[in-house]
Amino acid sequence: MATIAIVGLQWGDEGKGKVTDYFSEHVDCVVRYQGGNNAGHTVVIGDKKYKFHLIPSGAIRGKKVVIGNGVVVNPKILLEEIDMLKSNGIDVDLMISDRAHVIMPYHIKMDGIEEERLGKKKIGTTKRGIGPCYSDKIARMGVRIGDIIDEKKLKKRLDNLFQIKKPIFETYGIKINKDEIIKEYILYGKKISPYVGDTIYYLNSIIDEKNVLFEGAQGFLLDIDYGTYPYVTSSNPVVGGISTGAGISPKKIDKIVGVLKAYSTRVGMGAMPTEDKGKIGEYLAKKGNEFGTTTGRRRRCGWLDMVAAKYAAMVNGIDKIAITKLDVLDGLEKVKVCTGYEYDGKFYDRFPSSPDILERVKPIYEEFDGWDGVAGKKKYEDLPIKARNYIDFISEKLNAGIAMVSTGAKREDTIIIQSD
Ligand code: GDP
Ligand code: IMO
Ligand code: MG
(Lines give C-alpha, C1' and ligand atoms only; values in the text may rest on other atoms or scores of the structure.)
(Ligands and ions follow the chains in the order given, each with its own letter.)
Protein backbone atom coordinates (compact mmCIF):
# COMPACT_ATOMS: atom_id res chain seq x y z
CA MET A 1 0.00 0.00 0.00
CA ALA A 2 1.20 3.49 -0.70
CA THR A 3 1.06 7.08 0.41
CA ILE A 4 1.13 10.13 -1.80
CA ALA A 5 1.71 13.78 -0.97
CA ILE A 6 0.21 16.59 -3.05
CA VAL A 7 2.06 19.88 -2.49
CA GLY A 8 1.77 23.28 -4.13
CA LEU A 9 5.07 24.52 -5.61
CA GLN A 10 4.12 28.20 -5.98
CA TRP A 11 2.06 30.75 -4.04
CA GLY A 12 -1.04 28.59 -3.65
CA ASP A 13 -4.04 28.08 -5.94
CA GLU A 14 -2.03 25.81 -8.21
CA GLY A 15 -5.01 23.47 -8.58
CA LYS A 16 -4.29 21.18 -5.62
CA GLY A 17 -8.02 20.53 -5.17
CA LYS A 18 -8.39 19.20 -8.70
CA VAL A 19 -5.20 17.13 -8.50
CA THR A 20 -6.20 15.72 -5.09
CA ASP A 21 -9.62 14.81 -6.44
CA TYR A 22 -8.02 12.99 -9.31
CA PHE A 23 -5.52 11.02 -7.25
CA SER A 24 -8.01 10.29 -4.47
CA GLU A 25 -9.93 7.90 -6.71
CA HIS A 26 -7.53 5.13 -5.72
CA VAL A 27 -6.88 6.02 -2.09
CA ASP A 28 -8.72 5.11 1.10
CA CYS A 29 -8.05 8.23 3.12
CA VAL A 30 -7.26 11.90 2.42
CA VAL A 31 -5.55 14.05 5.05
CA ARG A 32 -5.08 17.81 5.57
CA TYR A 33 -1.97 18.51 7.67
CA GLN A 34 -1.63 22.32 7.88
CA GLY A 35 -3.34 25.64 7.26
CA GLY A 36 -6.98 26.32 7.92
CA ASN A 37 -9.87 27.92 6.09
CA ASN A 38 -7.50 30.34 4.39
CA ALA A 39 -7.37 27.52 1.82
CA GLY A 40 -9.85 27.32 -1.02
CA HIS A 41 -9.65 24.14 -3.09
CA THR A 42 -11.94 23.79 -6.07
CA VAL A 43 -13.19 20.56 -7.58
CA VAL A 44 -15.41 20.74 -10.65
CA ILE A 45 -17.56 17.76 -11.51
CA GLY A 46 -19.91 18.24 -14.42
CA ASP A 47 -21.60 21.58 -13.90
CA LYS A 48 -21.11 21.49 -10.16
CA LYS A 49 -18.30 23.42 -8.46
CA TYR A 50 -17.29 22.38 -4.93
CA LYS A 51 -15.15 24.72 -2.85
CA PHE A 52 -13.33 23.16 0.09
CA HIS A 53 -11.78 25.27 2.83
CA LEU A 54 -11.15 22.80 5.63
CA ILE A 55 -12.41 19.36 4.70
CA PRO A 56 -10.03 17.41 2.45
CA SER A 57 -11.16 17.34 -1.17
CA GLY A 58 -11.31 13.52 -1.09
CA ALA A 59 -14.69 13.85 0.68
CA ILE A 60 -16.34 14.14 -2.73
CA ARG A 61 -15.41 10.57 -3.55
CA GLY A 62 -16.77 9.40 -0.20
CA LYS A 63 -13.30 8.67 1.15
CA LYS A 64 -12.32 8.76 4.80
CA VAL A 65 -11.05 12.28 5.44
CA VAL A 66 -8.81 13.41 8.28
CA ILE A 67 -8.03 16.86 9.66
CA GLY A 68 -4.66 16.44 11.31
CA ASN A 69 -3.16 18.03 14.41
CA GLY A 70 -1.31 20.66 12.35
CA VAL A 71 -4.47 22.26 10.99
CA VAL A 72 -6.13 25.27 12.64
CA VAL A 73 -9.88 24.83 12.73
CA ASN A 74 -12.69 27.34 12.66
CA PRO A 75 -15.48 25.07 13.95
CA LYS A 76 -18.26 27.21 12.48
CA ILE A 77 -16.78 26.90 8.99
CA LEU A 78 -16.18 23.20 9.50
CA LEU A 79 -19.84 22.62 10.40
CA GLU A 80 -21.00 24.72 7.46
CA GLU A 81 -18.84 22.66 5.14
CA ILE A 82 -20.19 19.38 6.52
CA ASP A 83 -23.73 20.73 5.93
CA MET A 84 -22.85 21.90 2.41
CA LEU A 85 -21.65 18.43 1.51
CA LYS A 86 -24.67 16.77 3.15
CA SER A 87 -27.00 18.97 1.13
CA ASN A 88 -25.21 17.68 -1.96
CA GLY A 89 -25.82 14.10 -0.90
CA ILE A 90 -22.32 13.51 0.46
CA ASP A 91 -22.05 12.09 3.97
CA VAL A 92 -18.66 13.03 5.33
CA ASP A 93 -16.62 10.26 6.91
CA LEU A 94 -14.44 12.63 8.92
CA MET A 95 -11.98 12.33 11.78
CA ILE A 96 -10.59 15.47 13.31
CA SER A 97 -7.61 15.62 15.64
CA ASP A 98 -8.28 16.55 19.26
CA ARG A 99 -4.87 18.24 19.12
CA ALA A 100 -5.78 20.62 16.29
CA HIS A 101 -5.95 24.25 17.40
CA VAL A 102 -9.17 26.23 17.29
CA ILE A 103 -9.57 29.63 15.66
CA MET A 104 -11.31 31.83 18.25
CA PRO A 105 -13.27 35.04 17.51
CA TYR A 106 -10.42 37.15 18.88
CA HIS A 107 -7.96 35.58 16.42
CA ILE A 108 -10.08 36.80 13.52
CA LYS A 109 -10.36 40.28 15.05
CA MET A 110 -6.61 40.43 15.67
CA ASP A 111 -5.87 39.38 12.09
CA GLY A 112 -7.92 42.33 10.83
CA ILE A 113 -6.47 44.85 13.28
CA GLU A 114 -2.86 43.78 12.65
CA GLU A 115 -3.36 44.16 8.92
CA GLU A 116 -4.86 47.59 9.39
CA ARG A 117 -1.96 48.67 11.61
CA LEU A 118 0.59 47.49 9.06
CA GLY A 119 -1.03 49.84 6.54
CA LYS A 120 0.97 49.86 3.32
CA LYS A 121 3.14 47.04 4.65
CA LYS A 122 0.20 44.72 5.24
CA ILE A 123 0.57 41.04 4.37
CA GLY A 124 -2.75 40.87 2.56
CA THR A 125 -3.94 37.93 4.68
CA THR A 126 -7.24 36.17 4.18
CA LYS A 127 -8.33 37.65 7.56
CA ARG A 128 -9.43 34.23 8.75
CA GLY A 129 -7.44 34.46 12.01
CA ILE A 130 -4.80 32.00 10.80
CA GLY A 131 -1.68 33.91 11.93
CA PRO A 132 -2.98 34.83 15.41
CA CYS A 133 -4.17 31.24 16.00
CA TYR A 134 -0.78 29.75 15.06
CA SER A 135 0.94 32.47 17.16
CA ASP A 136 -1.08 31.37 20.19
CA LYS A 137 -0.26 27.74 19.48
CA ILE A 138 3.48 28.44 19.47
CA ALA A 139 3.18 30.73 22.51
CA ARG A 140 1.38 27.88 24.31
CA MET A 141 -1.74 30.00 24.65
CA GLY A 142 -3.99 28.13 22.27
CA VAL A 143 -7.32 26.37 22.58
CA ARG A 144 -7.47 22.89 21.09
CA ILE A 145 -10.35 20.84 19.70
CA GLY A 146 -10.04 18.67 22.80
CA ASP A 147 -10.88 21.75 24.92
CA ILE A 148 -14.10 22.68 23.17
CA ILE A 149 -15.74 19.30 23.57
CA ASP A 150 -15.68 19.60 27.36
CA GLU A 151 -17.43 22.60 28.93
CA LYS A 152 -15.51 22.54 32.23
CA LYS A 153 -12.20 22.23 30.43
CA LEU A 154 -12.99 25.12 28.07
CA LYS A 155 -14.06 27.38 30.91
CA LYS A 156 -10.89 26.64 32.87
CA ARG A 157 -8.72 27.12 29.79
CA LEU A 158 -10.27 30.46 28.89
CA ASP A 159 -10.16 31.68 32.52
CA ASN A 160 -6.42 31.02 32.53
CA LEU A 161 -5.78 32.41 29.07
CA PHE A 162 -7.77 35.57 29.57
CA GLN A 163 -5.68 36.51 32.61
CA ILE A 164 -2.66 36.73 30.33
CA LYS A 165 -4.54 38.01 27.31
CA LYS A 166 -6.60 40.74 28.97
CA PRO A 167 -3.97 43.46 28.49
CA ILE A 168 -3.41 42.31 24.92
CA PHE A 169 -7.13 42.55 24.15
CA GLU A 170 -7.20 45.99 25.76
CA THR A 171 -4.28 47.18 23.66
CA TYR A 172 -6.01 45.88 20.54
CA GLY A 173 -9.33 47.41 21.63
CA ILE A 174 -10.99 44.00 21.38
CA LYS A 175 -14.07 43.57 23.54
CA ILE A 176 -14.52 40.00 24.67
CA ASN A 177 -17.48 38.36 26.31
CA LYS A 178 -15.99 35.17 27.69
CA ASP A 179 -19.34 33.60 28.61
CA GLU A 180 -20.71 34.12 25.13
CA ILE A 181 -17.62 32.57 23.59
CA ILE A 182 -17.93 29.57 25.89
CA LYS A 183 -21.60 29.18 25.03
CA GLU A 184 -20.96 29.41 21.29
CA TYR A 185 -17.92 27.13 21.23
CA ILE A 186 -19.43 24.46 23.47
CA LEU A 187 -22.30 24.24 21.01
CA TYR A 188 -19.80 23.76 18.17
CA GLY A 189 -17.95 21.23 20.31
CA LYS A 190 -21.12 19.20 20.84
CA LYS A 191 -21.77 19.06 17.11
CA ILE A 192 -18.16 18.25 16.27
CA SER A 193 -17.54 15.68 19.04
CA PRO A 194 -18.70 12.64 17.00
CA TYR A 195 -15.87 13.36 14.56
CA VAL A 196 -13.12 14.00 17.11
CA GLY A 197 -10.46 11.38 17.67
CA ASP A 198 -6.79 10.60 17.98
CA THR A 199 -5.85 10.98 14.33
CA ILE A 200 -2.19 10.20 15.05
CA TYR A 201 -2.90 6.65 16.25
CA TYR A 202 -5.55 6.23 13.57
CA LEU A 203 -3.25 7.25 10.70
CA ASN A 204 -0.37 5.15 11.98
CA SER A 205 -2.69 2.16 12.28
CA ILE A 206 -3.68 2.34 8.59
CA ILE A 207 -0.57 3.74 6.97
CA ASP A 208 0.97 0.35 6.06
CA GLU A 209 -2.25 -1.29 4.91
CA LYS A 210 -4.15 1.44 3.11
CA ASN A 211 -3.55 4.09 0.47
CA VAL A 212 -3.34 7.51 2.05
CA LEU A 213 -3.11 10.91 0.33
CA PHE A 214 -1.86 14.05 2.06
CA GLU A 215 -3.41 17.21 0.63
CA GLY A 216 -1.24 20.29 1.07
CA ALA A 217 -2.82 23.70 1.43
CA GLN A 218 -1.27 27.02 0.33
CA GLY A 219 2.04 26.63 -1.49
CA PHE A 220 5.76 26.27 -0.87
CA LEU A 221 6.49 29.97 -1.49
CA LEU A 222 4.00 30.85 1.28
CA ASP A 223 5.73 28.53 3.76
CA ILE A 224 6.64 30.24 7.03
CA ASP A 225 10.24 28.95 6.76
CA TYR A 226 10.89 28.74 3.02
CA GLY A 227 8.58 31.33 1.57
CA THR A 228 8.85 35.04 0.94
CA TYR A 229 8.88 35.97 4.64
CA PRO A 230 7.20 37.99 6.09
CA TYR A 231 4.71 37.80 3.20
CA VAL A 232 3.80 34.22 3.94
CA THR A 233 1.23 32.18 5.76
CA SER A 234 1.84 30.89 9.30
CA SER A 235 2.21 27.16 8.64
CA ASN A 236 4.46 24.71 6.77
CA PRO A 237 2.92 23.70 3.44
CA VAL A 238 6.29 22.06 2.58
CA VAL A 239 6.13 18.27 2.43
CA GLY A 240 7.92 18.07 5.80
CA GLY A 241 4.78 19.62 7.30
CA ILE A 242 3.10 16.23 6.86
CA SER A 243 5.29 14.73 9.51
CA THR A 244 4.61 17.41 12.11
CA GLY A 245 1.03 18.10 11.04
CA ALA A 246 -0.24 14.54 10.79
CA GLY A 247 2.11 12.55 13.03
CA ILE A 248 3.53 10.44 10.23
CA SER A 249 7.21 9.52 9.89
CA PRO A 250 8.90 11.00 6.79
CA LYS A 251 9.88 7.39 5.97
CA LYS A 252 6.21 6.66 5.26
CA ILE A 253 5.79 9.11 2.40
CA ASP A 254 6.17 7.12 -0.80
CA LYS A 255 5.48 9.58 -3.58
CA ILE A 256 5.63 13.37 -3.62
CA VAL A 257 3.72 15.15 -6.38
CA GLY A 258 4.43 18.86 -6.81
CA VAL A 259 1.57 20.84 -8.34
CA LEU A 260 2.76 23.51 -10.74
CA LYS A 261 0.49 25.96 -12.53
CA ALA A 262 1.74 26.61 -16.08
CA TYR A 263 2.21 30.29 -15.13
CA SER A 264 2.51 32.24 -11.85
CA THR A 265 -0.16 33.71 -9.62
CA ARG A 266 -0.12 35.24 -6.17
CA VAL A 267 -2.80 36.73 -3.90
CA GLY A 268 -1.84 39.26 -1.26
CA MET A 269 1.35 41.27 -0.94
CA GLY A 270 5.01 40.37 -1.27
CA ALA A 271 7.54 40.03 -4.06
CA MET A 272 6.62 38.20 -7.24
CA PRO A 273 9.46 38.62 -9.76
CA THR A 274 7.49 37.64 -12.87
CA GLU A 275 4.34 39.62 -12.05
CA ASP A 276 3.03 41.27 -15.22
CA LYS A 277 1.02 44.40 -14.56
CA GLY A 278 0.29 44.84 -18.24
CA LYS A 279 -1.52 42.97 -20.96
CA ILE A 280 -0.21 39.47 -20.25
CA GLY A 281 -1.10 39.66 -16.56
CA GLU A 282 -4.57 40.84 -17.49
CA TYR A 283 -4.92 38.11 -20.12
CA LEU A 284 -3.91 35.32 -17.72
CA ALA A 285 -6.21 36.62 -14.96
CA LYS A 286 -9.17 36.78 -17.29
CA LYS A 287 -8.61 33.55 -19.17
CA GLY A 288 -7.53 31.64 -16.07
CA ASN A 289 -10.38 33.11 -14.02
CA GLU A 290 -7.82 34.08 -11.41
CA PHE A 291 -10.05 35.27 -8.63
CA GLY A 292 -9.56 33.85 -5.13
CA THR A 293 -11.64 30.84 -4.07
CA THR A 294 -11.67 32.11 -0.49
CA THR A 295 -11.68 35.90 -0.67
CA GLY A 296 -12.61 36.62 -4.30
CA ARG A 297 -9.54 38.85 -4.68
CA ARG A 298 -7.96 39.13 -8.13
CA ARG A 299 -4.76 37.14 -8.25
CA ARG A 300 -1.60 38.79 -9.52
CA CYS A 301 -0.41 36.97 -12.63
CA GLY A 302 2.74 36.51 -14.71
CA TRP A 303 4.94 33.99 -16.52
CA LEU A 304 6.17 30.78 -14.94
CA ASP A 305 9.13 31.33 -12.62
CA MET A 306 11.50 28.36 -12.89
CA VAL A 307 13.98 29.78 -10.36
CA ALA A 308 11.24 29.57 -7.75
CA ALA A 309 9.96 26.22 -9.06
CA LYS A 310 13.43 24.67 -8.91
CA TYR A 311 13.83 25.84 -5.32
CA ALA A 312 10.43 24.34 -4.46
CA ALA A 313 11.21 21.06 -6.25
CA MET A 314 14.55 20.79 -4.44
CA VAL A 315 13.29 21.32 -0.90
CA ASN A 316 10.19 19.17 -1.36
CA GLY A 317 12.16 16.47 -3.14
CA ILE A 318 9.37 15.96 -5.61
CA ASP A 319 9.08 12.66 -7.49
CA LYS A 320 6.51 13.81 -9.99
CA ILE A 321 4.94 17.00 -11.32
CA ALA A 322 1.29 17.77 -11.98
CA ILE A 323 1.09 20.67 -14.44
CA THR A 324 -2.20 22.56 -14.24
CA LYS A 325 -3.99 25.17 -16.31
CA LEU A 326 -1.91 24.56 -19.42
CA ASP A 327 -5.04 25.38 -21.43
CA VAL A 328 -4.90 28.98 -20.18
CA LEU A 329 -1.77 29.52 -22.31
CA ASP A 330 -3.64 28.45 -25.47
CA GLY A 331 -3.69 31.09 -28.20
CA LEU A 332 -0.61 33.06 -27.18
CA GLU A 333 1.95 33.86 -29.85
CA LYS A 334 4.87 33.47 -27.45
CA VAL A 335 5.11 31.90 -24.02
CA LYS A 336 7.89 33.03 -21.72
CA VAL A 337 9.55 31.31 -18.78
CA CYS A 338 11.85 32.95 -16.24
CA THR A 339 15.05 30.92 -15.97
CA GLY A 340 17.19 33.30 -13.95
CA TYR A 341 17.27 36.67 -12.21
CA GLU A 342 19.50 39.67 -12.66
CA TYR A 343 20.28 41.88 -9.70
CA ASP A 344 22.95 44.56 -9.37
CA GLY A 345 24.59 43.39 -12.58
CA LYS A 346 24.87 39.85 -11.26
CA PHE A 347 23.13 36.68 -12.43
CA TYR A 348 21.11 34.74 -9.88
CA ASP A 349 19.98 31.18 -10.39
CA ARG A 350 18.90 30.91 -6.76
CA PHE A 351 15.76 32.12 -5.04
CA PRO A 352 17.03 34.82 -2.65
CA SER A 353 16.04 34.73 1.02
CA SER A 354 16.05 38.53 1.28
CA PRO A 355 12.67 40.09 0.44
CA ASP A 356 14.47 43.31 -0.57
CA ILE A 357 16.57 41.53 -3.18
CA LEU A 358 13.61 39.49 -4.42
CA GLU A 359 11.64 42.70 -4.78
CA ARG A 360 14.32 44.14 -7.09
CA VAL A 361 15.50 41.19 -9.19
CA LYS A 362 14.80 41.35 -12.91
CA PRO A 363 13.61 38.12 -14.47
CA ILE A 364 15.55 36.72 -17.42
CA TYR A 365 13.21 34.98 -19.83
CA GLU A 366 13.43 32.14 -22.31
CA GLU A 367 10.86 32.31 -25.05
CA PHE A 368 8.77 29.49 -26.49
CA ASP A 369 6.57 29.47 -29.56
CA GLY A 370 2.95 29.53 -28.51
CA TRP A 371 0.31 26.92 -29.33
CA ASP A 372 -3.41 26.38 -29.43
CA GLY A 373 -5.74 23.48 -28.75
CA VAL A 374 -4.69 22.22 -25.32
CA ALA A 375 -8.08 22.92 -23.71
CA GLY A 376 -10.03 19.79 -22.92
CA LYS A 377 -7.47 17.33 -24.31
CA LYS A 378 -7.41 13.92 -22.62
CA LYS A 379 -4.45 12.26 -24.30
CA TYR A 380 -0.82 13.29 -24.37
CA GLU A 381 -0.55 12.42 -28.08
CA ASP A 382 -3.31 14.93 -28.83
CA LEU A 383 -1.38 17.85 -27.35
CA PRO A 384 0.25 20.25 -29.82
CA ILE A 385 3.96 19.54 -30.16
CA LYS A 386 4.84 23.04 -28.93
CA ALA A 387 2.89 22.49 -25.73
CA ARG A 388 4.70 19.17 -25.31
CA ASN A 389 8.03 20.99 -25.68
CA TYR A 390 6.96 23.28 -22.82
CA ILE A 391 6.06 20.28 -20.63
CA ASP A 392 9.37 18.52 -21.43
CA PHE A 393 11.29 21.67 -20.60
CA ILE A 394 9.63 21.87 -17.15
CA SER A 395 10.24 18.18 -16.48
CA GLU A 396 13.90 18.45 -17.45
CA LYS A 397 14.55 21.61 -15.41
CA LEU A 398 12.86 20.16 -12.32
CA ASN A 399 14.43 16.77 -12.83
CA ALA A 400 11.12 14.99 -12.28
CA GLY A 401 8.63 13.14 -14.46
CA ILE A 402 5.20 14.48 -15.29
CA ALA A 403 2.39 12.63 -13.51
CA MET A 404 -0.46 14.54 -15.08
CA VAL A 405 -1.37 17.57 -17.14
CA SER A 406 -4.59 19.40 -16.43
CA THR A 407 -6.27 20.88 -19.50
CA GLY A 408 -9.40 22.37 -17.92
CA ALA A 409 -11.13 22.82 -14.58
CA LYS A 410 -13.35 19.75 -14.96
CA ARG A 411 -12.37 16.37 -13.57
CA GLU A 412 -12.26 14.74 -17.00
CA ASP A 413 -10.04 17.43 -18.54
CA THR A 414 -6.99 15.56 -17.41
CA ILE A 415 -4.10 13.73 -19.05
CA ILE A 416 -2.46 11.04 -16.97
CA ILE A 417 1.08 10.49 -18.11
CA GLN A 418 2.67 8.33 -15.44
CA SER A 419 0.20 6.78 -13.08
CA ASP A 420 2.77 4.67 -11.15
P1 GDP B 1 -5.99 25.17 -5.07
O2 GDP B 1 -6.13 26.13 -3.96
O3 GDP B 1 -4.56 24.83 -5.36
O4 GDP B 1 -6.82 23.93 -4.90
O5 GDP B 1 -6.53 25.92 -6.38
P6 GDP B 1 -7.90 26.78 -6.49
O7 GDP B 1 -9.04 25.84 -6.53
O8 GDP B 1 -7.93 27.84 -5.46
O9 GDP B 1 -7.66 27.52 -7.87
C10 GDP B 1 -7.54 26.82 -9.07
C11 GDP B 1 -8.65 27.30 -10.01
O12 GDP B 1 -8.37 26.86 -11.32
C13 GDP B 1 -10.01 26.70 -9.68
O14 GDP B 1 -11.01 27.61 -10.06
C15 GDP B 1 -10.06 25.45 -10.52
O16 GDP B 1 -11.39 25.04 -10.82
C17 GDP B 1 -9.34 25.91 -11.76
N18 GDP B 1 -8.57 24.88 -12.47
C19 GDP B 1 -7.88 23.82 -11.97
N20 GDP B 1 -7.22 23.18 -12.95
C21 GDP B 1 -7.49 23.84 -14.10
C22 GDP B 1 -7.06 23.70 -15.45
O23 GDP B 1 -6.28 22.82 -15.81
N24 GDP B 1 -7.53 24.61 -16.35
C25 GDP B 1 -8.38 25.61 -16.00
N26 GDP B 1 -8.78 26.45 -16.94
N27 GDP B 1 -8.80 25.78 -14.75
C28 GDP B 1 -8.34 24.92 -13.80
P1 IMO C 1 -4.81 27.49 -1.18
O2 IMO C 1 -4.75 26.27 -0.27
C3 IMO C 1 -3.31 31.44 -2.13
C4 IMO C 1 -1.99 33.91 1.25
C5 IMO C 1 -2.79 35.18 1.55
C6 IMO C 1 -1.68 36.06 2.09
C7 IMO C 1 -0.81 35.09 2.87
C8 IMO C 1 -1.09 35.06 4.37
O9 IMO C 1 -6.16 27.77 -1.73
O10 IMO C 1 -3.73 27.44 -2.20
P11 IMO C 1 -3.07 34.02 5.80
O12 IMO C 1 -4.54 34.31 5.81
O13 IMO C 1 -2.74 32.60 5.50
O14 IMO C 1 -2.39 34.50 7.05
O15 IMO C 1 -2.49 34.92 4.60
O16 IMO C 1 -1.08 33.82 2.32
N17 IMO C 1 -2.77 32.66 1.21
C18 IMO C 1 -3.09 32.02 0.08
N19 IMO C 1 -2.88 32.34 -1.21
N20 IMO C 1 -3.89 30.28 -1.81
C21 IMO C 1 -4.08 29.92 -0.52
O22 IMO C 1 -4.54 28.71 -0.18
C23 IMO C 1 -3.72 30.83 0.50
N24 IMO C 1 -3.80 30.82 1.85
C25 IMO C 1 -3.21 31.93 2.27
O26 IMO C 1 -3.39 35.69 0.39
O27 IMO C 1 -0.90 36.55 1.03
MG1 MG D 1 -7.02 27.98 -3.57
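The values are calculated or read from the model by the stated rules, or taken from the named source; none is laboratory data. Please read these numbers as outputs of a predicted model, since none were measured by experiment. Here the Cβ is made from the backbone with ideal geometry for all residues, glycine too, and neighbour counts use every protein chain on show. Side chains included, ligands, DNA and RNA excluded: accessible areas come from the protein's heavy atoms. Shrake-Rupley method; radii C 1.70, N 1.55, O 1.52, S 1.80 Å.
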Restrict the check to the range 218-230 and report whether at least one residue is at pLDDT 95 or above, farther than 27 Å from Gly112 by Cα and not in a loop (DSSP other than H, G, I, E, B).
no
Please go through the range 191-232 and give me each residue that is surrounded by fewer than 16 Cβ atoms within 10 Å (Cβ to Cβ), of a type in the set (Phe, Trp, Tyr) and farther than 30 Å from Glu151 by Cα, ordered by number.
Tyr229
If you take the residues in the range 294-320 that are crowded, with 18+ Cβ neighbours inside 10 Å and within 16 Å of ligand 3 (Cβ to nearest atom), which one is nearest to Val337 (Cα to Cα)?
Cys301
Here the qualifying pairs (Cβ atoms under 9 Å; residues six or more apart or on different chains; first in the range 117-136 and more than 22 Å from Leu161 (Cβ to Cβ); second in a loop (DSSP other than H, G, I, E, B) and among the aromatic types (Phe, Trp, Tyr)) come out as Ile123/Tyr231; Gly124/Tyr231
Taking the criterion of being farther than 24 Å from Asp136 by Cα, buried (at least 19 other Cβ atoms within 10 Å of the Cβ), in contact with a Pro (Cβ under 6 Å, 6 or more places away or on another chain) and not assigned by TED's automatic domain parsing to the domain that holds Lys137, would at least one residue in the range 18-28 satisfy it?
no
Check Glu184 against each of (1) of a type outside the set (A, V, I, L, M); (2) over 30 Å from Lys155 (Cα atoms); (3) open to solvent by 30 Å² or more (accessible area, probe 1.4 Å) and name the one condition it does not meet.
(2)
I'd like to know if the range 161-172 contains one or more residues that are out of contact with any Lys or Arg (no Cβ under 7 Å at 6 or more places or on another chain), buried (at least 16 other Cβ atoms within 10 Å of the Cβ) and of a type in the set (Asp, Glu).
no
Scanning the range 241-295 residue by residue, those within 15 Å of ligand 2 (Cβ to nearest atom), of a type in the set (Val, Ile, Thr) and in a loop (DSSP other than H, G, I, E, B) turn out to be Val267, Thr293, Thr294, Thr295
I'd like the residue in the range 53-109 that is among the charged types (D, E, K, R) and free of Cβ contacts under 8 Å to residues at least 24 places away in the same chain and, out of all such residues, is surrounded by the most Cβ atoms within 10 Å (Cβ to Cβ).
Glu80
